[in-house]
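Reviewing the structure listed below.
The values are calculated or read from the model by the stated rules, or taken from the named source; none is laboratory data. Since we're looking at a predicted model, the values are computed, not measured. Cβ placement follows ideal geometry from the backbone for every residue including glycine, while neighbour counts extend to all protein chains displayed. Just the protein is used for accessible areas: all its heavy atoms, side chains included, with ligands, DNA and RNA removed. Shrake-Rupley method; radii C 1.70, N 1.55, O 1.52, S 1.80 Å.
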Amino acid sequence: MFEMGRRPGFLGYSSFERSKIAFCYLALLPILALFAILRIIPIIETFWLSLYDWKLVGSVRPFIGLANYQGLIGDEQFWLAIKNTSLYAGASVILGLTISLPIAVALAGKMKLSPFYQAIYFLPFITPMVPMAVAWKWIYDPRYGILNYILSFFGMQPIGWLIYPEIAIWALIAMNVWKNLGYNIVLLLVGLRNIPAVYYEAASIDGAAGWSRFRHITFPLLKPILLYVLVTSTINAFNVFTQVYVMTLGSQAAPGRAVRVLLYDIYENGFRYFRMGYASAEAVILTLIVLALTLVQFKLVKSEA
Amino acid sequence: MRDTQHGIGSDTGLPGPGASNRGKKLPELVWSGAVQLALMAGAIFMVIPFLWMISTSFKPPTEVLSWPPNLVPKEPTASNYVGLFGEAPFVRFFLNSVFISTVSTVAILATSVVGGFVFGKYRFPGRDFLFLVLLATAIVPFESYIIPLYARMVRWHWINTYQGIIAPYLIMSFGIFLMRQHINSTISDELLDAARIDGCSEWRILTSIVLPLSRSAGGALGIFAFTQAWIAFMWPLLIANVRELFNMELGLTMFQFRFSTDYGLLMAGSVLSVLPMIIVFVFLRRQIIESIALTGLKS
């Protein structure tokens with residue numbers, strides 16, 4: 001790269017440098033404009049809109065301060081959404097890691113995940129959500145679904161998996177665990193294989209094996225990547241929407257049975273009832289939750305590095 | 001970090017926890033047999049939804065609702081796939097998805113290469129600040145600022161237009177970040193200076209040096225961008241209210257609300273929607289898994 005003087009001010013640059021700088025701004029202009037219109041301004045506007053009572057239609061848009069947030073505090077549906085989303089995220093992540101960790105540890109030895117298994121375990125992760133949600137809806141079908149058929153061998157009565165929100169959320173969690181299992185395993189495998197073999201050799205000299213080896217060597221050394229998977233999965237789970245919409249809304253998208261998650265509540269308030277200001281306040285809450293999780297992640301990465 | 005690439009896909013995995021008990025033959029055999037068995041059981045669990053989907057898609061309506069269900073269709077038929085061309089404009093949905101994803105991919109590649117090049121190879125006032133702002137937008141989930149974006153589309157009369165559906169998918173901050181890393185590590189400053197001495201303008205350098213040299217990272221980014229646009233759901237749901245504009249995901253969703261009992265047809269539609277992703281995955285499995293594992297580790 002050409003040396004550039006530390007002299008302050010634009011006029012300090014030579015004409016050659018100036019033409020390069022002009023190129024930079026010119027080339028970046030359309031990109032920055034797109035980012036401003038499609039990302040930066042809407043992000044700021046969301047905060048701004050959350051302070052207004054705005055119905056989208058009509059030009060009246062009174063400023064109401066924090067009233068939307070006060071409304072949220074007393075809104076049972078909002079709290080239900082927070083509760084459901086947290087349960088969905090927490091249970092998905094914990095179940096997902098509990099299942100994928102033993103598999104990854106078992107595989108991390110001499111065995112390598114053969115391309116065949118690799119492909120099969122990874123398949124659900126790369127396939128789009130809607131067709132998979134439709135397929136699982138068919139599996140969960142109360143009358144003809146294969147799940148109730150399998151359970152009937154164990155003497156169980158048919159269950160309406162997606163009919164009652166309290167059951168449906170667990171059906172959604174199970175599907176989420178299934179979909180992300182391969183991703184978890186691959187990341188954990190990378191982490192396990194980065195643990196230097198000398199640690200294990202030293203441990204076997206000290207007589208540590210099995211559980212104690214896992215507890216004192218594998219687990220602490222795997223912790224950074226475990227935490228990474230934990231936080232990113234939680235963030236992803238907080239943005240759940242598609243499966244909820246496809247699997248738990250009734251025919252003609254009737255909301256009666258929907259599992260109320262945060263994005264669904266935002267969708268309903270904003271785009272069914274057109275309470276745009278109120279929905280923006282909810283969106284701000286979602287943003288703050290995700291930002292907090294991201295901060296935790298940065299902190300963890302820093303402290304482990 | 002270099003070892004990670006081997007660990008995932010190739011034979012040169014590092015000796016892991018099992019390596020130290022090489023002496024004990026029998027327990028190890030039992031152990032690896034048990035692991036293989038568990039792996040196989042897991043694999044069956046992973047593919048059952050796919051098999052069930054494919055199997056149902058080849059069943060005639062009477063067999064779909066037969067009890068007990070047959071895992072393999074007794075009288076296989078392609079009528080569900082034929083039905084996709086008739087009852088619902090699935091071909092149209094499919095082409096919409098292809099069109100939307102292609103435009104998005106081209107735009108993201110273009111903006112990412114240009115952005116990555118300028119941020120990676122030049123110094124100009126405000127560079128670090130601008131780069132930081134672009135990266136920071138990636139932290140905020142897209143769905144959380146969907147309301148003002150939607151309002152803007154209403155103001156621009158872009159509801160029910162292709163440009164409205166595509167707009168948010170024209171840029172990707174991760175793309176700019178990725179291309180910046182790639183360009184910084186593969187294209188030397190000397191090469192660029194040599195080109196300048198030969199009289200190349202900065203634009204010429206961009207098109208005839210940087211563009212061809214960013215092909216490999218561009219490929220990975222392209223797959224990522226295409227997939228992201230293909231699976232778009234919430235935004236098209238808001239913007240596209242006429243079925244001529246539905247993408248595959250939206251078409252399938254609306255279709256399943258209308259024909260909620262015709263699972264044969266629905267599964268055929270699902271197979272069609274999954275197919276492009278599976279084909280790409282089969283051909284590029286290793287690259288995809290490696291790049292996902294590595295981006296996971298780096299960020």
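The table below lists the values:
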{"item": "Cut-off under 5 Å, modelled amide H: who pairs with A:Tyr52 long-range", "result": "A:Ile64"}
{"item": "Estimated 222 nm signal from helices in the protein assembly as shown, with DSSP H stretches of n ≥ 4 weighted -39500 (n - 2.57), rounded to 500", "result": "-22000 deg cm²/dmol"}
{"item": "Accessible surface of chain B, 1.4 Å probe, proportion on carbon and sulfur as whole %", "result": "68 percent"}
{"item": "Protein heavy-atom accessible area occluded, A/B pair - total, 1.4 Å probe, Å²", "result": "10300 Å²"}
{"item": "Rounded accessible area per residue of chain A, 1.4 Å, Å²", "result": "45 Å²"}
{"item": "Chymotrypsin sites (Phe, Trp or Tyr not before Pro) lying in DSSP loop within region A:204-299, provided at most 16 other Cβ fall within 10 Å", "result": "A:Tyr273, A:Phe274"}
{"item": "Shielded by partner chains, region B:147-162 residues - at least 40 Å² of accessible area, 1.4 Å probe, vs chain alone", "result": "B:Ile147, B:Pro148, B:Leu149, B:Tyr150, B:Arg152"}
{"item": "Cut-off of 10 Å, at most 14 other beta carbons, DSSP loop: longest stretch of chain A lacking such trypsin sites (Lys or Arg not before Pro)", "result": "A:144-305"}
{"item": "For region B:205-236, residues shielded by at least 30 square angstrom of accessible area compared with the chain on its own, probe 1.4 Å", "result": "B:Phe233, B:Met234"}
{"item": "Residues of region B:171-194 buried by at least 50 Å² on assembly (accessible area, 1.4 Å probe, chain alone as reference)", "result": "B:Ile171"}
{"item": "Helical segments meeting 27 Å axial Cα length and Kyte-Doolittle 0.5 threshold in chain B (DSSP H)", "result": "B:26-57, B:90-121, B:263-298"}
{"item": "Pairwise label distance in nanometres, A:Trp48 with B:Arg123, each label 7 Å out on the Cα-Cβ vector", "result": "3.6 nm"}
{"item": "Cα centroid separation, region A:132-205 to region B:189-232 (Å)", "result": "41 Å"}
{"item": "Average Cα contact separation per residue, region A:181-305, under 8 Å, 6 or more apart, as relative contact order %", "result": "22 percent"}
{"item": "Average partner coverage of B:130-138, which counts Cβ from other chains inside 10 Å", "result": "3"}
{"item": "For chain B: accessible area per residue (Å², 1.4 Å)", "result": "46 Å²"}
{"item": "Total lysine pairs under 29 Å (Cα atoms) in chain A, excluding pairs fewer than 8 apart on one chain", "result": "14"}
{"item": "Normalised contact order of region A:73-304, rounded percent, pairs of Cα under 8 Å and 6 or more residues apart", "result": "28 percent"}
{"item": "Apportionment of accessible area to carbon and sulfur, chain A, percent (1.4 Å)", "result": "68 percent"}
